[in-house]
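Take a look at the structure below.
The values are calculated or read from the model by the stated rules, or taken from the named source; none is laboratory data. Being a predicted model, the structure only gives us computed values, none of them experimental. Note: ideal-geometry Cβ built from the backbone for every residue, glycine included; neighbour counts use all protein chains shown.
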Amino acid sequence: MKENKQKKPLYKRWWIYPIAFFVFITIIGAISSIFISDEQLAAWDEEVRAEEAAKEAEKQKVAAEKSAKKAAEEQSAKEEKRKEEERKDAIIEKFNEKSAQWIAESNEIILAAEIEALSAHFKAKIYVDELTWAQSSESEKLSFATSIGNMMQDVVGSSENVLTDIVSAVNGDVVADQSILGKWKIKR
């Protein structure tokens, strides 16, 4: 009752073709290596070495260019930082000269002045006589503060930002301060 199944012939089985292909490639490779001369092998070896040497030289060239570019950028950054420091120092020196003039001309209303260069702006403190400040009207205080703000802007220039505080020379507390927008707030 059981029928004997006949096996398929070998050439009809799917797995025989990949095996045959692999065996064929192996035989071709073995035969071709027999016919390659030593001179040809040496030439190929020399070619490979030359290509590797060229690649290595290119890598070294790229690395040297990167290193030179980085060094130039660092030098440029140092030079820019040095110029920035010189510019800030010049502004501070100009402020010190002008503040001495303001103190002399203010009839002892301004007693001292200092400025500090911060990363993005300057911060100035103008110390005033407590008694004179207390006796001044609100309008006089605002006028004085606005004048101080204008003088400060003249010192640092229009391209720089300066925030100014008017400070009591007696108490050390801020009696008027300038906002980022340039408006003055009289605290007392």
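Examine region 162-175 for a residue that is in contact with a helix residue (DSSP H, G or I) (Cβ under 7 Å, 6 or more places away or on another chain), modelled with pLDDT of 85 or more, of a type in the set (Ser, Thr, Tyr) and closer than 14 Å to residue 99 by Cβ, and state whether such a residue exists. Yes, region 162-175 contains a residue that is in contact with a helix residue (DSSP H, G or I) (Cβ under 7 Å, 6 or more places away or on another chain), modelled with pLDDT of 85 or more, of a type in the set (Ser, Thr, Tyr) and closer than 14 Å to residue 99 by Cβ. When you look at residue 39, is it within 58 Å of the chain's Cα centre (by Cα), in a helix (DSSP H, G or I) and loosely packed, with under 10 Cβ neighbours inside 10 Å, yes or no? Yes: the conditions hold for residue 39. On the stretch given as region 97-146, residues that are over 16 Å from residue 169 (Cα atoms), in a helix (DSSP H, G or I) and either under 37 Å from the mean Cα position of the chain (by Cα) or touching a residue at least 40 places away in the same chain (Cβ under 8 Å) (or both) total 5. Picking from residues in region 147-188 that are in contact (Cβ under 8 Å) with a residue 60 or more places away in the chain and in a loop (DSSP other than H, G, I, E, B), the one that is surrounded by the fewest Cβ atoms within 10 Å (Cβ to Cβ) is 157.
Answer yes if at least one residue in region 80-96 is surrounded by 14 or more Cβ atoms within 10 Å (Cβ to Cβ) and under 23 Å from the mean Cα position of the chain (by Cα), and no otherwise. Yes, region 80-96 contains a residue that is surrounded by 14 or more Cβ atoms within 10 Å (Cβ to Cβ) and under 23 Å from the mean Cα position of the chain (by Cα). Quick check on residue 81: is it in a helix (DSSP H, G or I), under 30 Å from residue 113 (Cα atoms), among the charged types (D, E, K, R) and out of contact with any Leu (no Cβ under 6 Å at 6 or more places or on another chain)? So residue 81 passes the test.
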